[in-house]
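Comments concern the structure below.
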Amino acid sequence: MVFAGKRPNNLGISNGKLAPCPNSPNCVSSQSTDASHQIAPLTFTSTLEEAITNLKQIIESLPRTKIITENKDYLYAEFKSALLGFVDDVEFYLDRTANVIHVRSASRLGQSDLGVNRKRIETIRAKFK
């Protein structure tokens, strides 16, 4: 059985911000101010173009992943779980002024994600260096 759920309608960048995390613990965001959802943004020392190319290659190398939207400052991908096909929405916003990539990773369904979204971003961070 597949638990994909519906794609949220609040994805994307609004006034330089990704959507806030819901109250449930199954979301992390580098723009969140509360400790339970907060995660550090990705940092880079390369050019912005190299950072985007690197990020895309990492995302595409991960299993059950599909890039849905991509432009010069934003990348959105869906990650599907192996077992039941749960979908997580993962967004990357390139902040050119701060030289960081803000991240938001959130489960579409359920309450707890058993730390999957945080682990995913840390996996991407480890490969990104």
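The values are calculated or read from the model by the stated rules, or taken from the named source; none is laboratory data. Since this is a predicted model, take the numbers as computed values, not measurements. Don't worry about glycine lacking a Cβ; one is built from the backbone with ideal geometry, like all the others, and counts go over all protein chains shown. Note: areas computed on protein heavy atoms with side chains; ligands, DNA, RNA excluded. Shrake-Rupley method; radii C 1.70, N 1.55, O 1.52, S 1.80 Å.
GNM, the chain, Cα, under 10 Å: largest mean-square fluctuation among 75, 94, 114?
Comparing 75, 94, 114 in a Gaussian network model of the chain, the most mobile one is 114.
So what are the ³J(HN,Hα) numbers for segment 93-101, from phi and the Karplus equation (6.51, -1.76, 1.60; θ = phi - 60°), rounded to whole Hz, Gly and Pro as x?
Running phi through 6.51 cos²θ - 1.76 cosθ + 1.60 with θ = phi - 60° gives 10, 8, 8, 5, 6, 9, 6, 10, 10 Hz.
So how exposed is residue 70, as accessible area in Å² (1.4 Å probe, rounded to 10)?
Approximately 90 Å² of residue 70 is accessible to the 1.4 Å probe.
Can you give the helix-only mean residue ellipticity at 222 nm for the chain, where every DSSP H stretch with n ≥ 4 adds -39500 (n - 2.57) and the sum goes over all residues, rounded to the nearest 500 deg cm²/dmol?
Calculated mean residue ellipticity at 222 nm is -6500 deg cm²/dmol.
Please list, in order along segment 24-38, the HN-Hα scalar couplings obtained from phi with the Karplus expression 6.51 cos²θ - 1.76 cosθ + 1.60 (θ = phi - 60°), rounded to whole Hz, x for Gly and Pro.
Computed from phi, the couplings for segment 24-38 are 5, x, 9, 8, 10, 8, 6, 9, 6, 9, 9, 4, 5, 9, 5 Hz.
For segment 1-74, what class follows from the C-alpha gyration tensor (a ≥ b ≥ c being the square roots of its eigenvalues): rounded when a/c is under 1.5, otherwise prolate if a/b is larger than b/c, else oblate? Mind dumping the intermediate values first?
Details: a/c = 1.67, a/b = 1.18, b/c = 1.42.
Here segment 1-74 falls in the oblate category.
For the pair residue 129 and residue 108, how long in nm is the line joining their label points, each one 7 Å along Cα→Cβ?
Here the modelled spin labels are 3.4 nm apart.
For segment 81-129, what mean projected area does the convex hull of the alpha carbons give, in nm²?
Details: hull surface 16.2 nm².
Approximately 4.1 nm², given one-decimal rounding.
How far, in nm, would the chain grow between residue 53 and residue 3 when pulled straight, counting 0.36 nm per residue and subtracting the alpha carbon separation?
Details: separation 50, 0.36 × 50 = 18.00 nm, distance 3.04 nm.
Gain on extension, residue 53 to residue 3, equals 15.0 nm.
With a 1.4 Å probe and every protein chain left in place, tell me how much accessible area residue 97 has, in Å² to the nearest 10.
130
Residue 120: net charge of surrounding residues, Cβ under 13 Å, Lys/Arg +1, Asp/Glu -1, itself excluded?
Numbers: positive: 64, 80, 104, 118, 119, 125, 127; negative: 78, 88, 89, 91, 113, 122.
Net charge in that neighbourhood comes out at +1.
Eight or more residues apart or on different chains, and alpha-carbon atoms under 17 Å: count the Lys pairs in the chain matching that.
12
Between residue 46 and residue 24, what FRET efficiency follows from the Cβ-Cβ distance if R0 is 25 Å, with the result rounded to 0.05? Provide the component values of the computation, followed by the final result.
On the way: r = 35 Å, r/R0 = 1.39.
Efficiency computed from Cβ-Cβ geometry: 0.10.
Which of the following values of Cα Rg over 2.2 N^0.38 Å was calculated from the structure shown: (1) 0.98; (2) 1.03; (3) 1.38?
Recomputing Cα Rg over 2.2 N^0.38 Å here picks out (1).
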